[in-house]
1. Give the residue from A:Y32, A:A125, A:A104 lying farthest towards the positive end of the charge dipole for chain A; charges sit on Cβ (+1 for Lys and Arg, -1 for Asp and Glu) and the dipole is referred to the Cα centre.
2. Please compare each pair in A:K72/B:K80; B:K20/B:K92; A:K48/B:K79; A:K72/B:K92 to a cut-off of 29 Å on the Cα-Cα distance and tell me which ones are over it.
3. Compute for chains A and B the buried accessible surface, both sides summed, probe 1.4 Å, and express it in Å² to the nearest 100.
4. What is the magnitude of the charge dipole of chain B about its Cα centre, with +1 placed on the Cβ of each Lys and Arg, -1 on the Cβ of each Asp and Glu, and no other charges, expressed in debye to the nearest 20?
5. At A:S114 and B:S39, where each label point lies 7 Å from the Cα along Cα→Cβ, what is the point-to-point distance in nanometres?
6. Treat each spin label as a single point 7 Å out from the Cα along the C-beta direction, and report the A:L177 to A:D45 distance in nm.
7. How large a share of the accessible area of the protein assembly as shown, in percent, is made up of carbon and sulfur atoms when the probe is 1.4 Å and the other protein chains stay in place?
8. List the residues whose amide H sits under 5 Å from the amide H of A:L14, counting only those 5 or more places along or on another chain, with H placed 1.01 Å from N in the peptide plane.
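The values are calculated or read from the model by the stated rules, or taken from the named source; none is laboratory data. Just so it is clear, the structure is predicted and the values come from calculations on it, not from any experiment. Methodologically, a virtual Cβ is constructed for each residue, glycine included, from the backbone with ideal geometry; neighbour enumeration extends over all protein chains shown. These accessible areas exclude ligands, DNA and RNA; they are computed on the full protein's heavy atoms, side chains included. Shrake-Rupley method; radii C 1.70, N 1.55, O 1.52, S 1.80 Å.
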Amino acid sequence: MTREEFMSALEKKLYFMNKSEREKALDFYHEYIEDAASSGKSWDDIEKSLGTPSDVAAKIKADYRITQVNEKPSLSNSIKLLIAVLGLCSLPITLPIAIILLVAVVVMIVIAFSILVAIISGLIAAVAAIVSLFISAVTTIASSPGLGLGMLGVMLISAGLLILVFYGIIRLTGAILIVVSKLIKRLIESMRKGDK
Amino acid sequence: MDIQLKKGLLNTCVLAAVSKSDVYGYQITQDILNVMEISESSLYPVLRRLEKQGYLTTYTREYSGRLRKYYSITPEGLKKLDEARKELDELKKTVDFIMGGKNNDA
């Protein structure tokens, strides 16, 4: 591509940065190319040694995200860093180990969430079964009261059990959330300390 | 060279280069390329980060009718370079030991 196309492609790929940072980066490469050309290099050679605008931008992005996590360690910044790093071919040395732990936490959250969804589906099915049992019990009472009342009794016991199970699940989910949020806080603190 | 080792040394190399004299982007890239095999697009992120950390500072000068940005080292940067040099001295002892008979003069 031409020099103008290169710079324009690079600019587009740097839109994740704020304006001042983006302009600094573009100014740097603009000057760099000028100085390289002044020293006698052809644009072809310069382009070959710089790499593609994607390569150039990916390196800038990863480093940018690292400084963001250091300045403001938050879950969202850490995830953005993780995504930027995934775009590189090799890990920057300043990458904190905590990022790898973050991946583990995210995986745990996903698993916990899937289990929760499965449990909720089970509960919905149980509620549906109890409701239909109630309906059959009520319709049976008219024709055979004894059987109908018996069914009603079973239904009430099931409903009671279901409420207990439901309560237990809510407490369990709460406990899991507390553990996960403590882990995340610890990760963020270790990121704060980890990078020099 | 092992890539992680290389990247760790790159920061110190940049500080060492800037401590010798103020540099501009293309110049320092060529200087570092003389002593380390890196991709030329690796320099800008390092320079930017070192500036953000307060180890480098910048100013612009006119050159042939256009502006050029120069990097210079700060007192904090010199301190950081000093610490790195001490660590490398220790490393040197280990390296000399490993190289053993190969490098011995006696």
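1. A:A125
2. In this structure, A:K48/B:K79; A:K72/B:K92 exceed 29 Å between Cα atoms.
3. Using a 1.4 Å probe on protein heavy atoms, the buried area is about 2500 Å².
4. Once rounded to the nearest 20, the dipole reads 380 debye.
5. Between A:S114 and B:S39, the simple spin-label model gives 3.4 nm.
6. That separation, rounded to one decimal, is 6.3 nm.
7. 64
8. Long-range HN contacts for A:L14: none found.
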